[in-house]
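To start, the structure under review is shown below, and the notes come after it.
What follows is calculated from the coordinates using simple rules that are stated; it is not laboratory data. Given the structure is predicted, the values throughout are model-derived calculations rather than measurements. Note that each Cβ is placed from the backbone with ideal geometry, even for glycine, and that neighbours are counted across all protein chains shown.
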Amino acid sequence: MPAARPSRSRKILNTATVVVLLAASGYLTVALRKDQEQKAPAVQAITDKPVLSSATLGAQTGAQTWERLSGPARSVLRDAKGQVLGTFTDGARTATLTGPSRTFSEPANTKSRVITDSWVRLMPQKWKAGAEQAQWFKDWFKKYFGSEEDDLFAYAFQYVQGAPVKKDENGVPYAGDARFGPINPGGSIGNDLRKEQSDFFDYLGIPYTFRDGTTMQPEKERYRAIDCSGFVRTVFGFRGRYPLAVSDTKGDGLPRTANGIARSHEGVTVIPLQGAAPWYTRPTQIDLLQPGDLVIFKLDSRTGQRLDHIGIYLGNDTDGHKIFISSREEVDGPTIGDKGGTSRLDGNGYYASTFRTARRL
């Protein structure tokens, strides 16, 4: 016996139901997309142009002046109006150039926004007094002053929550939302919830051969993960091409851990350790910090005399607080967020009270 045909009213009802479901699905998709967009990091939202371009600067003979300052020893380039165009520190390769204003934010984890005209780049050589006369510097400055090519800050925000994946010509993802590390079976929230020791080659998931010939193999469970010092090594080393050491004691270049970097001879000390080990004391003067400096902390009594956390100083946020970015377990990756402690060096918060020293690479 043939099946009974559905009635006209039932057909209309079914059609209406499908239309409603499709409309609801479309609405949820749009709402989800908007929610994701709101949480996505605002990376390099450029809002204006530099006061002078490199071409303009070169054309204004005698308009720029060089000034020598101490504490630390550095050279500052100013324009005819006295505005700072660049700061170059003796013994360091990190230079801070004035350029187009940008906004960096991370809506998923904080309301803080950093609006800055500082562009932090690595020079091909360490700075010394008089280097402004060297051809290598003239060529480098002409290329990068006023440039909107990605700098160290841009690299750093390419690993925060929601950052899109970027792949190289071989299809290897070299940037994008990074984790801190795999879950630690014996850990808990606030107590080693995630494993440390994830370096840049773990994030990449490919072997990496260092300059001394040592090849390190990534661990599968650490794929797309970088701990605090691994994040710094990713930004300055893998992306910025600053030389990297295999470990704190093997190889030449930036050491593997926060403690190794703090006690190394790489770059210059901006804020020295003060007080007695193992806790030392909080610095009383932090205005010497410059965007791009590495800020180092003492968080955990179990690490003995070792300093155990590191981040990158960004400058002031729109509320006037001194903000840094670092990779940590509470957010499961790089962040300027508020989980596990607000990312501020001023005030009496968790990170402000445990801040100990700073280096300029």
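Here are some notes:
- Nonlocal amide H pairs with residue 248, under 5 Å, H built at 1.01 Å: 256, 257
- FRET E, pair residue 346, residue 168, Förster distance 25 Å, beta-carbon r, rounded to 0.05: 0.05
- Packing-based exposure ordering (other Cβ within 10 Å, fewest first) of 234, 103: 103, 234
- Footprinting exposure proxy for 203, 223 (fewest neighbouring C-beta atoms within 10 Å first): 223, 203
- Counting every other Cβ atom within 10 Å of each residue's Cβ, 127, 140, 279 order from fewest to most as 279, 140, 127.
- Kirkwood Rh, angstrom, the range 145-293 [1 / mean 1/r, Cα pairs]: 17.0 Å
- Check: the range 65-112 dipole with +1 on Lys, Arg Cβ and -1 on Asp, Glu Cβ, in debye: 40 debye
- Extension gain from residue 111 to residue 220, taking 0.36 nm per residue of separation minus the Cα-Cα distance: 35.8 nm
- Distance between the range 299-361 and the range 203-272 - C-alpha centres, whole angstrom: 19 Å
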